[in-house]
Amino acid sequence: MTGAPKNAFKARLLAGETQWGLWSSLASPVAAEALSLTGFDWMLFDTEHSPVEVAALQPILQAAAVGTAQAVARPAWNDKVLIKRLLDIGVQTVLVPFIQTPEEAEAAVAATRYPPEGIRGVAGSTRASRYGMAAGYLQSANEEICVLVQIETGQALERLEEIAAVKGVDGVFIGPSDLSASMGYLGQPGAEPVQDAIRSAAGRIAATGKASGILATKAEDALRYRDWGYKFVAAGVDTGLMMGAARGLRSQLGE
Ligand SMILES: O=C(O)C(=O)C[C@H](O)[C@@H](O)CO
């Protein structure tokens with residue numbers, strides 16, 4: 001085994017392919033394993049708004065490795081320690097929340113790179129290096145890392161081009177829930193001004209040469225975002241899918 005594992009999500013992103021994703025908040029190895037088999041290109045494992053810490057994420061990643069979906073993980077914050085710990089358990093693609101400035105994007109990238117490109121701490125035997133079995137991992141790790149930065153406020157949108165231009169940023173992801181809250185439409189990501197901003201962001205991100213991503217909660221929204229140019233679209237959230245199915249079943253049963 002030589003070098004860092006190839007990051008298929010990053011390769012497809014750089015090739016300009018559209019990739020369908022699934023957002024996972026269930027924090028469960030069983031759910032991760034099962035959902036990874038359903039044909040999605042990527043799955044986002046959330047540690048910002050899910051009750052899961054790094055130790056519990058590793059078995060989730062191991063379970064998800066059986067399927068087609070490439071793992072993406074969101075640290076709870078743009079924090080170099082949290083990012084380092086995700087990378088050590090084998091995450092190669094990070095979605096970093098709440099990036100407001102190019103400087104914050106630079107810090108996120110630096111946290112993912114070994115020196116001299118960045119400040120990632122070096123560990124000998126981790127899941128990332130196949131427990132030391134991947135010869136040359138340290139030398140090749142940086143190039144297989146994919147950094148997605150999340151823009152989720154009006155303030156960040158104003159600086160979108162500067163943030164996207166940061167070296168090492170591979171994709172820019174719009175967070176519709178927080179963006180709508182920041183624009184004065186809390187709980188209304190479908191509000192017209194929010195949708196207008198989301199639509200124009202797709203074109204602005206494309207013009208920078210970086211890939212754009214977004215989260216939808218139903219197929220209709222996911223397809224519209226794809227048509228607007230978004231390249232990595234999470235089409236739903238596992239908790240929402242489960243609750244929707246359970247509530248639908250219960251309502252069919254009547255009183
Ligand atoms: O702003 C957003 O949208 C997000 O960041 C996603 C949210 O955290 C949430 O909807 C995930 O379940």
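Give the shape of segment 1-150 as rounded, prolate or oblate, defined through the alpha-carbon gyration tensor: a ≥ b ≥ c are the square roots of its eigenvalues, a/c under 1.5 means rounded, and otherwise the shape is prolate if a/b is larger than b/c and oblate if not.
Details: a/c = 1.35, a/b = 1.16, b/c = 1.16.
It is rounded, given that a/c, with a ≥ b ≥ c, falls under 1.5.
Based on the mean of other Cβ atoms within 10 Å per residue, sort peptides 241-250, 130-139 so the most packed one is first.
On the way: 241-250: 11.2, 130-139: 13.7.
Averaged packing, sorted descending, gives the order 130-139, 241-250.
Among rounded, prolate and oblate, which fits segment 8-253 when a ≥ b ≥ c are the square roots of the eigenvalues of its C-alpha gyration tensor, a/c under 1.5 means rounded, and a/b larger than b/c means prolate?
On the way: a/c = 1.79, a/b = 1.16, b/c = 1.54.
Oblate is the answer for segment 8-253, as a/c is 1.5 or above yet b/c matches or exceeds a/b.
In sequence order, what are the phi-derived ³J(HN,Hα) couplings for segment 156-165 according to the Karplus relation 6.51 cos²θ - 1.76 cosθ + 1.60 with θ = phi - 60°, rounded to whole Hz, with x for glycine and proline?
In residue order, the calculated couplings are 5, 4, 4, 10, 3, 5, 5, 5, 5, 6 Hz.
Could you tell me the accessible area of VAL30 in Å² (1.4 Å probe, neighbours in place), rounded to the nearest ten?
Spelled out: VAL30, probe radius 1.4 Å, area about 110 Å².
Go ahead and estimate [θ] at 222 nm for the chain from helices alone: -39,500 (n - 2.57) per DSSP H run with n ≥ 4, summed, over the residue count, rounded to 500.
Details: 12 runs with 113 residues, N = 255.
Taken over the chain, the calculation gives -12500 deg cm²/dmol.
Mind telling me which of ASP196, ASP178, ASP41 comes out most flexible in a GNM of the chain, alpha-carbon contacts under 10 Å?
Largest GNM mean-square fluctuation: ASP196.
Sequence-distant or interchain residues sharing an amide H contact under 5 Å with ALA235, placed H: which?
Residues meeting the amide H criterion: GLY21, LEU22, TRP23, ALA216.
Which residue, GLY3, TRP20, GLY39, has the largest displacement toward the positive end of the dipole of the chain when charges sit on each Cβ (Lys, Arg +1; Asp, Glu -1)?
The listed residue farthest towards the positive side: GLY3.
If Lys and Arg each add +1 and Asp and Glu each add -1, what is the summed charge of the other residues whose beta carbon sits under 12 Å from the beta carbon of LEU241?
Details: positive: LYS218, ARG247; negative: ASP238.
Around LEU241, the surrounding residues sum to +1.
The values are calculated or read from the model by the stated rules, or taken from the named source; none is laboratory data. Please read these numbers as outputs of a predicted model, since none were measured by experiment. Using ideal geometry, Cβ is built from the backbone for each residue, glycine included, and neighbour counts are taken over all protein chains shown. For the accessible areas, the whole protein counts, side chains as well, though only heavy atoms, and no ligand, DNA or RNA atoms are used. Shrake-Rupley method; radii C 1.70, N 1.55, O 1.52, S 1.80 Å.
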